[in-house]
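Asker: Shown below is the structure under consideration.
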Amino acid sequence: MKILVAVKRVVDFNVAIRVKPDGSGVDIGNAKMSLNPFDEIGVEEAVRLKEAGKATEVVVVSVGPAQVQETLRTALAMGADRAILVKHEDYVEPLGVAKVLKEVVTAEKPDIVILGKQAIDDDCNQTGQMLAALLGWPQGTFASKIDLEDSSLTVVREADGGLQTVRLSMPTIVTTDLRLNEPRYASLPNIMKAKKKPCAEMTPADYGVDVKPRLNLIKTEEPLRRQAGVKVSSVSELVVKLKETGAIR
Ligand code: AMP
């Protein structure tokens, strides 16, 4: 039982990012970068399945620039066995990533592919679904619990206002939601060990995939700033204020 986990290097969730003055994107300059939180959950789940004796190998893969090596090492330090870096310096859209992953899947033949439900930088929430479509595989998206039996995978999905349980035949795609698990911190000895784990380097061209962007980014805007609140001393004053602002009649 082999598990492939797709991981993306993104701006750390603690970093307050700024939109470039010309609106052409987000200025990430020297911002701290991290493993996408949903992908950290994916790695954790795969490693737990290996520790439980249900999986034999965990392979992590990422598409991105050379610095992605660092992100892959984090996943290796958490317990993944080996890594594949598909090197590409420019931004790759979800469809491009999904096409590359399809070729990696064809070469690696995993039983389960785990992705995050979304990358917290572009919030696309597309790659897992596109990969499932390209492969013609079943998918369990927004997983908050998974249960692996011999030839099937039961996935509890976080749906709007409730949970949905689906059983998928394998091979299959899973995308992680926040409640699936709490990822571990890599210990220092494991960080050292990760440096010696294999990390293969490929390019999209090696897989025969064209990752040229298909979309034109028109504009990026900051959300509107919230206005300061007003303190009122009584309910009647609150009602007057609400009427003044048109919130009630
Ligand atoms: P997205 O569709 O961009 O929101 O990303 C959803 C998931 O797809 C992420 O959580 C990752 O598991 C995977 N993914 C997206 N971009 C990449 C990438 N460049 N390399 C590897 N995996 C990726």
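Asker: Kindly provide the chymotrypsin sites (Phe, Trp or Tyr not before Pro) of the stretch 1-102 that DSSP labels as loop, not H, G, I, E or B, and whose Cβ sees at most 13 other Cβ atoms within 10 Å. Let's see the in-between values first.
Answerer: Working: sites: Phe13, Phe38, Tyr91; in loops: Phe13, Tyr91.
Listed in order of number, the matching sites are Phe13.
Asker: Under the Karplus relation 6.51 cos²θ - 1.76 cosθ + 1.60, θ = phi - 60°, what is the ordered set of whole-Hz ³J(HN,Hα) values for the stretch 132-143, x standing for Gly and Pro?
Answerer: Each residue of the stretch 132-143 in turn: 4, 5, 5, 8, x, 9, x, 9, x, 8, 6, 6 Hz.
Asker: Would you work out if the stretch 195-249 is rounded, prolate or oblate? Take a ≥ b ≥ c from the square roots of the eigenvalues of the alpha-carbon gyration tensor; rounded if a/c is under 1.5, else prolate when a/b is larger than b/c, oblate otherwise.
Answerer: Values: a/c = 6.55, a/b = 2.96, b/c = 2.21.
Judged from the Cα gyration tensor, the stretch 195-249 comes out prolate (a/c at least 1.5, a/b above b/c).
Asker: Have a look at Val61, Val100, Val235 and tell me which one the Gaussian network model of the chain (Cα, springs below 10 Å) gives the largest fluctuation.
Answerer: Of the options given, Val235 has the highest mean-square fluctuation.
Asker: If you fit an axis through the alpha-carbon atoms of helix 68-78 and take the longest principal axis of the Cα set of the chain, what angle between them do you get, 0 to 90°, nearest 10?
Answerer: Compared with the principal axis, the helix lies near 80 degrees.
Asker: Write down the percent of antiparallel bridges among all DSSP beta bridges whose residues are both part of the chain, to the nearest 5.
Answerer: Details: 18 of 44 bridges.
Of all bridge pairs located within the chain, approximately 40 percent are antiparallel.
Asker: I've got another one for you. Take every Cα pair under 8 Å in the chain that's 6+ residues apart, average their separations, divide by the length, and report that relative contact order as a whole percent.
Answerer: Working: 480 pairs, mean separation 58.0, N = 249.
The normalised contact order for the chain reaches 23 percent.
Asker: Further question: Suppose only helical runs count, i.e. DSSP H with n ≥ 4. What mean residue ellipticity at 222 nm does that imply for the chain under -39500 (n - 2.57) per run, divided by all residues and rounded to the nearest 500 deg cm²/dmol?
Answerer: Details: 6 runs with 68 residues, N = 249.
Result for the chain, helices only: -8500 deg cm²/dmol.
Asker: In debye to the nearest 20, how big a dipole does the chain give about its Cα centre with +1 on each Lys and Arg Cβ and -1 on each Asp and Glu Cβ? Please list the in-between numbers first.
Answerer: Working: 34 positive and 34 negative charges, 86 e Å.
Roughly 420 debye, rounded to the nearest 20.
Asker: What does the C-alpha gyration tensor say about the overall shape of the stretch 2-221? Classify as rounded when a/c is under 1.5, otherwise prolate if a/b is larger than b/c, or oblate.
Answerer: Numbers: a/c = 1.41, a/b = 1.27, b/c = 1.11.
Here the stretch 2-221 falls in the rounded category.
Asker: Relative to the Cα centre, what is the charge dipole magnitude of the stretch 101-249, using +1 at the beta carbon of each Lys and Arg, -1 at the beta carbon of each Asp and Glu, and rounding to the nearest 20 debye?
Answerer: Numbers: 21 positive and 20 negative charges, 112 e Å.
Taking the Cα centre of the stretch 101-249 as origin, the dipole is about 540 debye.
Asker: Report ³J(HN,Hα) in whole Hz for each residue of the stretch 199-206, in order, from the Karplus equation J = 6.51 cos²θ - 1.76 cosθ + 1.60 where θ = phi - 60°; Gly and Pro get x.
Answerer: After applying 6.51 cos²θ - 1.76 cosθ + 1.60, I find 9, 7, 10, 10, 10, x, 4, 4 Hz.
Asker: Turning to a different aspect of this structure: List the chymotrypsin sites (Phe, Trp or Tyr not before Pro) within the stretch 117-216 that DSSP assigns to loop and that have no more than 15 neighbouring Cβ atoms inside 10 Å.
Answerer: Details: sites: Phe142, Tyr185, Tyr207; in loops: Tyr185.
Within the stretch 117-216, the qualifying chymotrypsin sites (Phe, Trp or Tyr not before Pro) (loop, at most 15 other Cβ atoms within 10 Å) are Tyr185.
Asker: Identify which of Val105, Val92, Val239 has the largest mean-square fluctuation in a Gaussian network model of the chain, with springs joining Cα atoms closer than 10 Å.
Answerer: Between Val105, Val92, Val239, it is Val239 that shows the largest mean-square fluctuation.
Asker: Taking Cα centroids, how far is the stretch 1-72 from the stretch 179-200 in Å?
Answerer: 12
Asker: How would the stretch 1-103 be classified by its alpha-carbon gyration tensor: rounded, prolate or oblate, with rounded meaning a/c under 1.5 and the a/b versus b/c comparison settling the rest?
Answerer: prolate
Read the figures in this text as sums done on the coordinates, not as results from a lab. It should be emphasised that the depicted structure is a prediction, and the values quoted were computed from it without experimental measurement. Note: ideal-geometry Cβ built from the backbone for every residue, glycine included; neighbour counts use all protein chains shown.
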